[in-house]
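Everything below concerns the one structure shown next.
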Amino acid sequence: MKRLILSILPVFVLGMVLNGLFHGGLAASFFDSHLAPLGESMNKMADFNPIPIAILEIILVGLIYFFTTRDTRGRISPLRGIQTGALIELGSAAAWNLANQATFKGWSTPVTLVDISWHVISAALMGWVLVKLYNWQTNPAD
């Protein structure tokens, strides 16, 4: 249980920070301009509730942990964490963005592509960090 918490908690925080910086800072104007046809409610962060996002993030990090560490004896290849993180987030981000594109008239294809790409890249990094933490706990001398 200790290994689980010490692997998941820092990666959860990393994911929340990365997504906050990306969506709330680096790419905020991109999303605002491309989602403007959907109206002001899509562009305002004033009513943003971080709780559902945090729940989703902990579920995704838990899935990355589960599928990266299952059937493991000893150390894990960082590539396994990268691939697992990327694949899990590809499924999650693609489902969310494609559902939005199918539902909301005016949902931008560039938003779909950028958002999926961002989440795949960030989750690959998160998978790598998770493996590094897991391996460090398996053999701290390395």
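Placing a label point 7 Å from the Cα of Gln83 along the Cα-to-Cβ direction, the residues of segment 55-69 with a backbone N closer than 13 Å are 68-69.
Helix-only arithmetic for the chain: the sum of -39500 (n - 2.57) across DSSP H runs with n ≥ 4, divided by the residue total, places the mean residue ellipticity at 222 nm at -25500 deg cm²/dmol.
Between Leu98 and Thr72, the simple label model (points 7 Å from Cα in the Cβ direction) yields a spacing of 2.9 nm.
Work through the residues other than Glu89 whose Cβ is under 13 Å from its Cβ and net out their charges, Lys, Arg +1 and Asp, Glu -1.
-2
Residue-normalised convex hull volume from the C-alpha trace of the chain: 108 Å³ per residue.
Across segment 78-90, rounded Karplus estimates of 3J(HN,Hα) from the backbone phi angles (6.51 cos²θ - 1.76 cosθ + 1.60, θ = phi - 60°) give x, 4, 4, x, 4, 5, 5, x, 4, 5, 5, 6, 4 Hz, Gly and Pro being marked x.
Every read-out reported here was derived from the displayed coordinates using simple, explicitly stated rules and does not represent laboratory data. Small disclaimer: the values here were computed from a predicted structure and weren't measured. Here the Cβ is made from the backbone with ideal geometry for all residues, glycine too, and neighbour counts use every protein chain on show.
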